[in-house]
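Asker: One structure coming up, written as structure tokens, with questions to follow.
The values are calculated or read from the model by the stated rules, or taken from the named source; none is laboratory data. Small disclaimer: the values here were computed from a predicted structure and weren't measured. Here the Cβ is made from the backbone with ideal geometry for all residues, glycine too, and neighbour counts use every protein chain on show.
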Amino acid sequence: MSQQELDRLGITSAGLPSYFEPMMRDLDRATKYADAIAKEVGRFKAEQGRWPVVLDIGCGSGLLTALALRAGASAVLAYDVNPTMATFLASQTLAEEDDLPDAVHVCGGVRDGR
């Protein structure tokens, strides 16, 4: 994965806590995640005959959500316990040229019943 491919996913570190920046620019890390996600999404499709719905727990920046969609997931349910991160992801455009954002469902925060 090149920096341009990573940038095309539409995920930026702008507005995120500073500790996300190194992770967002680590191409080796992103490539390994992209390869692993593509492999498993493809395996699911081959075995089940349909594209999977992926659950991204701790969605943070949305990188793994975007990679799952890019790999062919029919939808991603993205959850983060931190409502700020969930709001951040919900506000991101994961792929402006596609209608993929309709396939992303984001929720966040903890409800403790009080």
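Asker: Within region 88-107, can one find any residue that is surrounded by 21 or more Cβ atoms within 10 Å (Cβ to Cβ), in a helix (DSSP H, G or I), within 11 Å of the chain's Cα centre (by Cα) and at pLDDT below 80?
Answerer: Yes, region 88-107 contains a residue that is surrounded by 21 or more Cβ atoms within 10 Å (Cβ to Cβ), in a helix (DSSP H, G or I), within 11 Å of the chain's Cα centre (by Cα) and at pLDDT below 80.
Asker: Now for a separate question. Going residue by residue through region 67-83, is there one that turns out to be part of a helix (DSSP H, G or I), modelled with pLDDT under 90 and in contact with a Gly (Cβ under 6 Å, 6 or more places away or on another chain)?
Answerer: yes
Asker: Within region 14-64, count every residue that is part of a helix (DSSP H, G or I) and modelled with pLDDT under 85. It would help to see each step written out before you state the result.
Answerer: Applying the first criterion (part of a helix (DSSP H, G or I)) to region 14-64 yields 20-24, 27-48, 63-64.
Among the residues that remain, those that are also modelled with pLDDT under 85 are: 20-24.
Number of matching residues: 5.
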